[in-house]
Amino acid sequence: MGELIPGLPEEVARECLVRVGFDQLPVVRRISRQWKSEVESPDYHRLRRAEGLARPVLALVQARPAAPAGGAGPAADKQHSSAGGPSNAYRMVLLDPEEGRWAPLPAPPGPAGSLPLFCQVAAVGGGGQGRERLVVVGGWDPETWAPVDAVLVYDFLTGAWRRGAPMPGPRRSFFACAAVGGAVYVAGGHDEEKNALRSALAYDPERDAWAGLPDMAEERDEPRGLCVGGRFLVIGGYPTQAQGRFVGSAEAFDPAASAWAPVRDGLLEDGACPRTCCAAPGAAGRLYMLRDGHLVARDAAPGAAWRPVAPVPEDARTAATVSAIPGGRVVVVGSGCHGGDQNVYVLREEAGKGASWERAAAPPEFAGHVQASCCLEI
């Protein structure tokens, strides 16, 4: 093995490589076998974290920008096909809320080059090796609007998508989904006959394999899935016979015990949609959601009540997604009206200083509707 960078001491060369942006890692690993080995090593990622270079990034399933008026050619024809249209074509974009940096990921495989409508996305780490992956599960075909069992996995080191093993069982829609440990969990939703489901599954991206889980105690269509305290928390939803009438109950799956347990504390009131619920990273177990134009929070202590944090800016209250990131911050992506451009706000909640919103820049090409999101550390 030669020098990492000819003419530089090993420690200086390593410091240079550690500062490579996440979007350039695929290029770096193609330079040489030595560089590939370096950026794929656990030490590389530990050093990035130790030097404060790892940062939270949001992965957003976002509507593609419309083709320019009068655009021509196959790409424009495809984007404005009679079966789809600009609003039905979605892509994965990354947002660094600290720096306001946006970056689109490559188009996923498939003739449409679009992510499925209403798909779910979760981020899975590489078992301490820093090999982050995004896993996209289910959704609807953007041209036929038929439910799909597709799984797409994006690897940040290779900079490429691959197809994963299809999700088994009925082709479910609007299910709970979250990453817990090294697996992606799904539960509930409804089948192609609009029957609410109790069944649950787990996907291991390392093995590219699915495993069946015990059923939940209740049918739950349109529930919300979160990772809280190392468990897969499934909040709300409704049974087949109560279309749209959400329940406030929740169940939690413990991977270590391979069992579900009811959450004794009613997390939500009956009738509340859990779509905007999110969990703060770490073991604290704090939850956030939007309610009546306000961001509210609930701590993990038994019997804790939801408390108001701050009113959400009016131009971000509609069709919003909410994500909690490290440092007591919350990111809201929404618009002022249905179909409007998306705006991004970051809230900082500091002890003794209250809560304040800061608007993050969103260039026009990244102003499309966001239908799903997750947080990861790169």
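There is no residue in region 358-368 that is over 25 Å from residue 22 (Cα atoms) and in contact (Cβ under 8 Å) with a residue 40 or more places away in the chain. Report whether or not residue 206 is open to solvent by 40 Å² or more (accessible area, probe 1.4 Å) and either within 17 Å of residue 118 (Cβ to Cβ) or without any contact (Cβ under 8 Å) to a residue 40 or more places away in the chain (or both). So residue 206 fails the test. Of all residues in region 358-370, those satisfying the criterion of being open to solvent by 40 Å² or more (accessible area, probe 1.4 Å) and part of a strand (DSSP E or B) are 358, 359. Among the residues examined, residue 20 does not qualify as in contact with a His (Cβ under 9 Å, 6 or more places away or on another chain), under 28 Å from residue 374 (Cα atoms) and surrounded by 16 or more Cβ atoms within 10 Å (Cβ to Cβ).
Looking at region 92-182, the strands (runs of 3 or more DSSP E) lying wholly inside it that each contain 2 or more residues that are open to solvent by 40 Å² or more (accessible area, probe 1.4 Å), of a type outside the set (Gly, Ala, Ser) and under 19 Å from residue 59 (Cβ atoms) sit at 101-104, 160-163. Pairing residues of region 298-309 that are farther than 13 Å from residue 269 by Cα with residues that are outside any loop (DSSP other than H, G, I, E, B) and of a type in the set (Lys, Arg), at Cβ distances under 6 Å and at least 6 apart in sequence or on separate chains, gives 304/298. Looking across 355, 310, one residue alone is in contact with a Leu (Cβ under 6 Å, 6 or more places away or on another chain) and open to solvent by 30 Å² or more (accessible area, probe 1.4 Å). It is 355. Only one entry in 86, 74 is modelled with pLDDT under 80, touching a helix residue (DSSP H, G or I) at 6+ places or on another chain (Cβ under 8 Å) and farther than 22 Å from residue 209 by Cβ, namely 86.
Only one residue in 331, 346 is in contact (Cβ under 8 Å) with a residue 60 or more places away in the chain, touching an Asp or Glu at 6+ places or on another chain (Cβ under 6 Å), of a type outside the set (Ser, Thr, Tyr) and more than 17 Å from residue 227 (Cα to Cα). Which one? From the options 331, 346, the qualifying one is 346. Taking every residue in region 39-60 that is of a type in the set (Lys, Arg) and pairing it with any residue that is at pLDDT below 80, at least 6 positions away or on another chain, the pairs with Cβ-Cβ distances below 6 Å are 48/54. Of all the residues in region 211-228, those that are buried (at least 21 other Cβ atoms within 10 Å of the Cβ), in contact with a Leu (Cβ under 8 Å, 6 or more places away or on another chain) and outside any loop (DSSP other than H, G, I, E, B) number 4.
One residue stands out in region 329-341 among those that are more than 20 Å from residue 284 (Cα to Cα) and open to solvent by 10 Å² or more (accessible area, probe 1.4 Å): the one that is modelled with the lowest pLDDT, namely 339. If you go through region 27-58, how many residues are more than 12 Å from residue 378 (Cβ to Cβ), open to solvent by 30 Å² or more (accessible area, probe 1.4 Å) and part of a helix (DSSP H, G or I)? Counting residues in region 27-58 that are more than 12 Å from residue 378 (Cβ to Cβ), open to solvent by 30 Å² or more (accessible area, probe 1.4 Å) and part of a helix (DSSP H, G or I) gives 11.
Contact map, region 260-281: residues that are under 17 Å from residue 174 (Cα atoms) and of a type in the set (S, T, N, Q) paired with residues that are open to solvent by 20 Å² or more (accessible area, probe 1.4 Å) and outside any loop (DSSP other than H, G, I, E, B), Cβ distance under 6 Å, separation 6+ or inter-chain. Pairs shown: 276/290.
If you go through region 158-191 and keep only what is among the aliphatic types (A, V, I, L, M) and under 30 Å from residue 39 (Cβ atoms), you end up with 160, 165, 178, 179, 180, 183, 184.
The values are calculated or read from the model by the stated rules, or taken from the named source; none is laboratory data. Since this is a predicted model, take the numbers as computed values, not measurements. Cβ atoms come from the backbone with ideal geometry, glycine included; neighbour counts cover every protein chain shown. Heavy atoms of the whole protein, side chains included, go into the accessibility calculation; ligands, DNA and RNA do not. Shrake-Rupley method; radii C 1.70, N 1.55, O 1.52, S 1.80 Å.
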